[in-house]
Amino acid sequence: MAKSGIDKLDDSSHYPDWAIQVEAVLEEKEVWDIVSGDEVAPATGPNSKSFKAFVKRARLAKAQIILHLAPSQLPHIRNLATAKEMWDTLAQVHKARGFGTLIAMRRKFFSMFKGDATMQQWIAYVRDHSQRLEDAGLTVQPIDLIIALTTGLGEEYTPLIISLDSTPFNELSVKKSSPTSLTRNSGRLQIKTGLPPHLSHPQPSSLITLKRPGPIQNCR
């Protein structure tokens, strides 16, 4: 783990999470514009004060990226000259695009189980994996979230699953809402899905409403 408290990037890391957190560090150090390419070296000559200041900040940007990498990642950036080259190369290396990888990710999404987690933890976990699929370039439909959420529930939720089995597809809807929760109100199951706390980038959460004509039992 780096001094910033962020886990160093390795082959098992979720790159989008790492990138968001390290970008925040680079913003704090006021060098993100150099990494993104929005700021380039001034054309004032190598001996000018502004040029020297830029070089110093560019070195700081490179150092911050390197210090947030595990040794296994160093070969990817060892011979690169700029922080922007390093950042772009790491993004290219870690974004999952292979067909086999995408199939494995999608298969895992539909085979997860709630286990002993609370309902809030379970919803956050499913939403996190949904975001990972979207980060990899796959579209996750509202019905996909509903299937993943309900498929992973334990036997105590069997009456709920049975009651949903006859629900017409057009009665399932997704609306923007706020905090994560699972509630029962007047014959409708409301699953508010939001991102887990460790994901710091802004993202609208969703309210999945499963309408039923009567009370729903065994829902906590």
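Brief remarks on what is shown
- Candidate set: region 8-30, residues that are in a loop (DSSP other than H, G, I, E, B) and modelled with pLDDT of 90 or more; chosen: the one surrounded by the fewest Cβ atoms within 10 Å (Cβ to Cβ): 30
- Pairs where the first residue, in region 31-58, is assigned by TED's automatic domain parsing to the domain that holds residue 86 and over 18 Å from residue 87 (Cβ atoms) and the second is in a helix (DSSP H, G or I) and among the polar types (S, T, N, Q), C-beta under 9 Å, 6+ apart: 42/50; 44/50
- Considered as a group, the residues in region 36-63 that are among the basic types (Lys, Arg) and out of contact with any helix residue (DSSP H, G or I) (no Cβ under 7 Å at 6 or more places or on another chain) include one that is surrounded by the fewest Cβ atoms within 10 Å (Cβ to Cβ), and that residue is 49.
- Within region 21-30, the set of residues being free of Cβ contacts under 8 Å to residues at least 40 places away in the same chain and of a type in the set (A, V, I, L, M) comprises 26 only.
- Condition met for residue 67 (surrounded by 11 or more Cβ atoms within 10 Å (Cβ to Cβ) and closer than 21 Å to residue 5 by Cα): yes
- Selection within region 72-128 - within 16 Å of residue 148 (Cβ to Cβ), part of a helix (DSSP H, G or I) and without any contact (Cβ under 8 Å) to a residue 24 or more places away in the chain: 103, 104, 107, 108, 121
- Residues of region 37-64 that turn out to be farther than 23 Å from residue 3 by Cβ and in a helix (DSSP H, G or I), as a count: 7
The values are calculated or read from the model by the stated rules, or taken from the named source; none is laboratory data. Quantities reported herein were computed from a predicted structural model and do not represent experimental measurements. Positions of Cβ are generated from backbone atoms using ideal geometry, with glycine treated the same way; all protein chains shown enter the neighbour counts.
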